[in-house]
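Every read-out reported here was derived from the displayed coordinates using simple, explicitly stated rules and does not represent laboratory data. The structure displayed is predicted, hence computed values, not measured ones. Cβ sites come from the backbone with ideal geometry, for glycine too, and all protein chains shown count toward neighbours.
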Amino acid sequence: MEILANFCPIVSTNMKIMLRSFVILVCLSFFTANANAQLQWKEVEPGIWKATAGVPEKITLLSVANVTPAKNALQQLPAAQFPLAKDEITSRVVDGKVYLKFPLVKEEELFGLGLNFKTVAQRGRVSQLHMDHYGGKDDGRTHAPVPFYVSSRGYGVLIDAARYITVYAGSAVRVDSKNPPELMDRNTNKNWDSSPYSDAVEILVPASGVDIYIFGGPTAMNAVQRYNLFNGGGYLPPKWGLGFTQRVPTLYSQSDILREANEFEAHNFPLDFIGVEPGWHSMAYPCTFEWDATRFPDPKGFINSLLQKGIRANLWLNPYVSPKSSLYPKVKPFSGSHTVWNGIVTDFTIPEARNIFKEHFIKNHISLGVSGYKMDENDGYDKWLWPDVATFPSGTSAEQMRQIYGLQMQKMTDEWYREQNQRTYGLVRASNAGASNLPYVIYNDYYSHPDFITALVNSSFIGVLWTPEVRASKSAEEWVRRMQSVCFSPMAMLNAWADGTKPWSFPEVEKAVQEVATLRMRLLPYLYSTFAQYHFEGKPPFRSMNLVDGFAYAPQVTAGKLDATLNPYEAKTKSDLKDQYMMGDNILVAPVFAGEKSRKVYLPAGKWYDFYTGKLAGENQVITVQAELEKIPLFVRDGGLVPMVPARRQAPKAGEVLPLEVRVYGTAPGTFTLYDDDGTTFNFEKGAYNKVELKSANRSMSAPANGKPFGYDKKVTWTFMTK
């Protein structure tokens, strides 16, 4: 530009400025034309398409998760067409940021966009998907800010960037919109709305480029299945992971913990694994990851004593390395510029750093028999986590590190256990896209019981697991209600780290609490088969009603007769159903909260039956159920089969053969795929498992394959609940 101007020495200064401006405009026009080039979509797996805008960064969510798609399972899903008009999907790369736009139609609803606690339907909302402790409002700052949304029209969209992504989910109105909102005068029109209709999802990604994935349907459930299977299929926990777990107070010693295990046995209360909290470290906040010799003088003997009782040990940690740890000098060259609680922050994107941790953890924990970890405080807050000005030796930015840190920790610890051919199951505070096949359940310090159930509903859209853990209660009623919910979730956990509460801390409801915990144990064949479905088919084990056939989003909700497609909620709502959910294909769970004398339950199309009595509850309608303190309301679809085992305190061990009862509900003929394997190893990934078909019409169970694990008696007891 300067050279061009200097060829004309007689040109005035103003003319030079005009010439520079002209050249800049030409350059910007060229850049914008290229930036607006139409995305090129390629089908990378059946029903899954990928396109690239700009130049993606090296560190992305899926690159950290290092996913391997479950190709065979993806091929079994219904065929899907590209679900959107390609010319209505636009991308621009401007000022080092990617601007994306996807179309929406009038009746469309959106779900997902992170682990939300108060809302299910996301259309009309603005979110900045930012890894953080949940702060009480759905604004994108959450433990799993997964940039994936699912449409009621039967497709999903994933933005694979480890950045703070801003999503305008049908909340921004463009001047060039083909479907502008109706112009209203607030002075005279009572229908004036501060959030007018928008026909687009617009997304701002603060990166030079990004990979975009679209997951076809034809149903919303199919889109979620494709997403989970693309990420390797859902995780199948060890059987013991689906039993009951108690996390003990912070400073409990090994003798305190063994005494607690004996108390559970004396109360005949289920217990499969115990959570050992920060006191096992010789220093915590920051952590040494080394046993405290005073409280745990014999770690191996302690773990062996638990194992002899059939109980596993799960160790608490946060990732910040204390100067007093033997790990400190080894990982300091691979750590960031800022500390957390005076502990260094290891850059786990560097293989050498991961190997140092691996050697230490296997030697000091896993080889002793430790069965898993609770990985705390790898999510937020801003005031104590590393700041966005921090630097890391790999060159990964602080923002990217925040988005991926929990995901990276999940991935590396999962690999350690896979190398031992042992399944693990633990807890984490931070997760993201790509985590479906990782062995962790999310939890947090927030404590609203209703919001915990909303989070459980939302987890089903984004490929993560969530537990509505129990910690404390203001009353016996609240205690039993929380325990009922947690026993119908991915991890039945009492987290007593702060106050040492026990399941029997409210003696007046001890029997009710024990009964629901025992019911969970009896349902292990059903629950384990449901998690197998998550692994092999991609269906979430606990799922939103919006993913269920016959309970789809109602585009035009008006009062009047219920209709499974057009009006399933009467005049209730826009698909924001957040206080009930499905456990597997057959069981509808409707938790009750403290203070409620009754509650409404929305039953999908088809007949539904009371789990406890087998009586008809309703069909395609809203019902009101009375809140019995001893029972959590459960309903089973017509023809639903529910396999159960006798009451027991612990999950079955490999080689055990248990009696099997199959409950049958309704009058329609039903089938159920009962799954089994050894319950602890990854041998099932090599075919060492059984799937048998249960059929109510002729009271039959197909023959299990010889030479493969199967822990049920071939003589089945059939119980027809509906008389």
Too long at a 28 Å Cα-Cα cut-off: which of 42/71; 324/374; 502/715; 539/686; 578/631? 502/715
Just the ratio, please: alpha-carbon radius of gyration of the range 242-510 over 2.2 N^0.38 Å, N its number of residues. 1.00
If each K or R counts +1 and each D or E counts -1, the residues other than residue 364 whose Cβ falls under 13 Å of its Cβ total 0
When the helices in the chain are scored as -39500 (n - 2.57) per DSSP H run of 4 or longer and the sum is shared across all residues, what 222 nm value do you end up with, to the nearest 500 deg cm²/dmol? -7000 deg cm²/dmol
Using r as the Cβ-Cβ distance of residue 38 and residue 597, and R0 as 56 Å, what FRET efficiency do you calculate, to the nearest 0.05? 0.45
Any chance you could give the angle, 0 to 90 degrees and rounded to 10, that helix 13-35 forms with the longest Cα principal axis of the chain? 30
Report the FRET efficiency, 1/(1 + (r/R0)^6), for residue 265 and residue 367, where r is their Cβ-Cβ distance and R0 is 25 Å, rounded to 0.05. 0.35
Say the cut-off is 21 Å between C-alpha atoms; which of 101/190; 474/511; 363/708 go over it? 101/190; 363/708
In the range 36-145, the trypsin sites (Lys or Arg not before Pro) that fall in loop regions by DSSP, at most 13 other Cβ within 10 Å: 58, 106, 137
Rounded to 10°, Cα long-axis angle of helix 524-537 versus longest principal axis of the chain: 30
Contour minus end-to-end for residue 71 and residue 341, with contour as 0.36 nm per residue of separation and end-to-end as the Cα-Cα distance? 92.8 nm
Quick one: if you stick a label point 7 Å off each Cα along the C-beta vector at residue 698 and residue 653, how many nm between them? 3.8
Rounded to two decimals, the Debye log10 I(q)/I(0) of the range 110-190 (Cα scatterers, no solvent) at q = 0.20, 0.26 Å⁻¹ is -0.90, -1.24
Can you figure out the FRET efficiency of residue 86 with residue 355, using R₀ = 30 Å and their beta-carbon distance, to the nearest 0.05? 0.10
Sequence-distant lysines (8 or more away, or on other chains) whose Cα lies within less than 19 Å of residue 723: 607, 615, 695
Using just the alpha carbons, could you tell me how many Å³ per residue the convex hull of the chain encloses? 185
Would you mind computing, in nm to one decimal, how far apart the modelled labels at residue 667 and residue 179 are, each placed 7 Å from Cα along Cα→Cβ? 4.3
Given an 8 Å cut-off on Cα distances and at least 6 residues of separation, report the relative contact order of the range 640-723 as a percent. 36
Please compute the contact order of the range 159-201 in relative form: average sequence separation of alpha-carbon pairs under 8 Å and at least six residues apart, divided by the residue count, as a percent. 52
Modelling each spin label as a point 7 Å along the Cα-to-Cβ direction, I'd like the residue 445/residue 682 distance in nm, to one decimal. 3.4
Along each of its three principal axes, how wide is the spread of alpha-carbon positions in the range 623-723, in whole angstrom units, largest first? 47, 32, 23
Taking a label point 7 Å from the Cα of residue 621 along the Cα→Cβ vector, which residues of the range 577-602 have an amide N closer than 15 Å to it? 600-602
By how many nm would the segment from residue 328 to residue 285 lengthen if fully extended, with 0.36 nm per residue of separation less the alpha-carbon distance? 14.1 nm
Note on the chain: contact order normalised by length, alpha-carbon pairs under 8 Å, 6 or more apart, percent, works out to 12
